[in-house]
Amino acid sequence: MKLSASDCPFCAGDGGQVVARDARCRVVLTDEPFLGFCRVIWNEHVAEFTDLAPADRQHCMAVVAAVEMALRTLLTPDKMNLACLGNLTPHLHWHVIPRFADDSHFPLSVWGDRQRPGAARPLPSHFVESLTAFLAERWPAPPL
């Protein structure tokens, strides 16, 4: 599936509430109905991870790892899910999803069939500020 930059929702907008960014990528808290669901979105309109130069791939994965660690620290999920699909939006982005045994879809993926109503679990107070601060402290330095 081809999608031009002019038609791409991740080129046209942030794709969620921005909690961290640099010249290459941004981290957003999504409006998905799963607690703490974040995306790492590459700023340039590329479809595949291997479209990036090796140093950019390293940077992207370091950001994904920092987001995973932040979410594990702040939310203590039962499991973390990482996914880079892009079937509907072929613009490079990683889903970083904290999972809880009582969420509506667990143990299936968040895109699978609902298994139960799911526990109502609000984000902790000051979550966005805490996530932003955590990432600011651990944001990967640009490669030399």
For the chain, whose charge dipole is built from +1 on Lys and Arg Cβ atoms and -1 on Asp and Glu Cβ atoms, the candidate among Gly13, Phe34, Ala141 with its Cα farthest towards the positive end is Phe34
Label model pair Met61, Asp22: point-to-point distance (7 angstrom along the Cα→beta-carbon line) in nm is 1.6 nm
By accessible area (1.4 Å), largest first, Trp111, Trp42, Trp139 order as Trp111, Trp139, Trp42
Under 20 Å by backbone N from the virtual spin label 7 Å along Cα-to-Cβ at Leu108, the residues of region 26-67 are 32-35, 37
Checked region 93-134 with the C-alpha gyration tensor, a ≥ b ≥ c its square-rooted eigenvalues, rounded below a/c of 1.5, otherwise prolate if a/b is larger than b/c and oblate if not; verdict oblate
Measuring from the longest principal axis of the C-alpha atoms of the chain, the long axis of helix 54-75 (C-alpha) lies at a number of degrees, nearest 10, equal to 20 degrees
Unpartnered Cys in the chain, judged by a 4.7 Å Cβ-Cβ cut-off, are Cys25, Cys38, Cys60, Cys84
Here the net charge surrounding His91, from other residues whose Cβ is less than 15 Å away from its Cβ (Lys, Arg +1; Asp, Glu -1), is -2
Among Leu123, Ala62, Ala101, the residue whose Cα sits farthest towards the positive end of the charge dipole of region 39-144, when +1 is placed on the Cβ of each Lys and Arg and -1 on the Cβ of each Asp and Glu, is Ala101
Heavy-atom accessible area of the chain with neighbours in place, 1.4 angstrom probe: carbon+sulfur share in percent works out to 54 percent
accessible surface per residue for the chain, probe 1.4 Å, DNA/RNA/ligands not counted, whole Å² -> 54 Å²
Region 26-47 scanned against label point 7 Å out from Asp14 along Cα→C-beta; backbone N under 11 Å for 27-30
Note on the chain: alpha-carbon gyration tensor, axes a ≥ b ≥ c; rule is a/c under 1.5 for rounded, else prolate if a/b larger than b/c, else oblate; result oblate
A correct Karplus calculation of ³J(HN,Hα) over region 17-31, with 6.51 cos²θ - 1.76 cosθ + 1.60, θ = phi - 60°, whole Hz and x for Gly and Pro, returns 7, 5, 10, 6, 6, 9, 5, 9, 8, 9, 10, 10, 8, 7, 9
Taking Cα atoms only, helix 127-138 is inclined relative to the longest principal axis of the chain by an angle, in degrees rounded to 10, of 50 degrees
Env charge @ Gly112, Cβ radius under 12 Å, K,R +1 / D,E -1, value 0
Per the helix-only model, the chain has a calculated mean residue ellipticity at 222 nm (DSSP H runs of ≥4, -39500 (n - 2.57) each, divided over all residues, rounded to the nearest 500) of -8500 deg cm²/dmol
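The values are calculated or read from the model by the stated rules, or taken from the named source; none is laboratory data. Because the structure is a prediction, the values reported are computed rather than measured. Every residue, glycine among them, receives a Cβ derived from its backbone with ideal geometry; neighbour counts consider all protein chains shown. Just the protein is used for accessible areas: all its heavy atoms, side chains included, with ligands, DNA and RNA removed. Shrake-Rupley method; radii C 1.70, N 1.55, O 1.52, S 1.80 Å.
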